[in-house]
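What follows is calculated from the coordinates using simple rules that are stated; it is not laboratory data. What you see is a predicted model; the values in this text were computed from it and never measured. Cβ atoms come from the backbone with ideal geometry, glycine included; neighbour counts cover every protein chain shown.
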Amino acid sequence: MTEDKSSVTVRIAGEEHTIRANAAPEYTKKCAALVDDRIASIKAMSGLIEGHRAAILAALTIADEYFQASEEAERIRLAAASRVNTLAERIEGELGSGG
């Protein structure tokens with residue numbers, strides 16, 4: 001991320017929005033593309049659905065994916081920490097027993 005705020009215009013659900021953020025413009029465009037794709041996908045699956053409802057459903061599915069990914073990352077972190085501790089104990093045991 002950059003220190004200075006930059007403005008970038010993106011298209012989400014057929015509407016242009018100017019976003020001012022600390023992130024690089026390419027990152028903001030990537031985020032906007034994800035939201036736009038998700039809204040389009042929901043509209044395609046749901047048929048006729050109001051734009052704001054599609055946006056809310058898109059936000060909820062993105063939040064769900066975020067929380068699932070966060071939980072998985074934490075599970076992996078804990079598993080890795082456990083393995084490191086087990087290995088450290090084995091190494092210490094071997095060094096303590098004279099090798």
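Consider LEU78 carefully, then state whether it is of a type outside the set (Phe, Trp, Tyr), outside any helix (DSSP H, G or I), out of contact with any strand residue (DSSP E or B) (no Cβ under 8 Å at 6 or more places or on another chain) and surrounded by fewer than 12 Cβ atoms within 10 Å (Cβ to Cβ).
Values: of a type outside the set (Phe, Trp, Tyr): yes; outside any helix (DSSP H, G or I): no; out of contact with any strand residue (DSSP E or B) (no Cβ under 8 Å at 6 or more places or on another chain): yes; surrounded by fewer than 12 Cβ atoms within 10 Å (Cβ to Cβ): yes.
So LEU78 does not fit the description; no.
Residues that are in contact with a helix residue (DSSP H, G or I) (Cβ under 6 Å, 6 or more places away or on another chain) and buried (at least 16 other Cβ atoms within 10 Å of the Cβ) were ranked within the stretch 10-24; the one that is farthest from GLY51 (Cα to Cα) is ILE19.
ILE39 - would you say it is under 26 Å from SER6 (Cα atoms), in a helix (DSSP H, G or I) and touching a residue at least 12 places away in the same chain (Cβ under 8 Å)? Spelling it out, ILE39 is indeed under 26 Å from SER6 (Cα atoms), in a helix (DSSP H, G or I) and touching a residue at least 12 places away in the same chain (Cβ under 8 Å). Taken together, the criteria exclude ASP64 from residues that are without any contact (Cβ under 8 Å) to a residue 40 or more places away in the chain, of a type in the set (D, E, K, R) and surrounded by 12 or more Cβ atoms within 10 Å (Cβ to Cβ). Looking across the stretch 40-99, not a single residue is at positive phi and either of a type in the set (A, V, I, L, M) or in contact with an Asp or Glu (Cβ under 7 Å, 6 or more places away or on another chain) (or both). Restricting attention to the stretch 47-61, the residues that are surrounded by 12 or more Cβ atoms within 10 Å (Cβ to Cβ) and in a helix (DSSP H, G or I) add up to 10.
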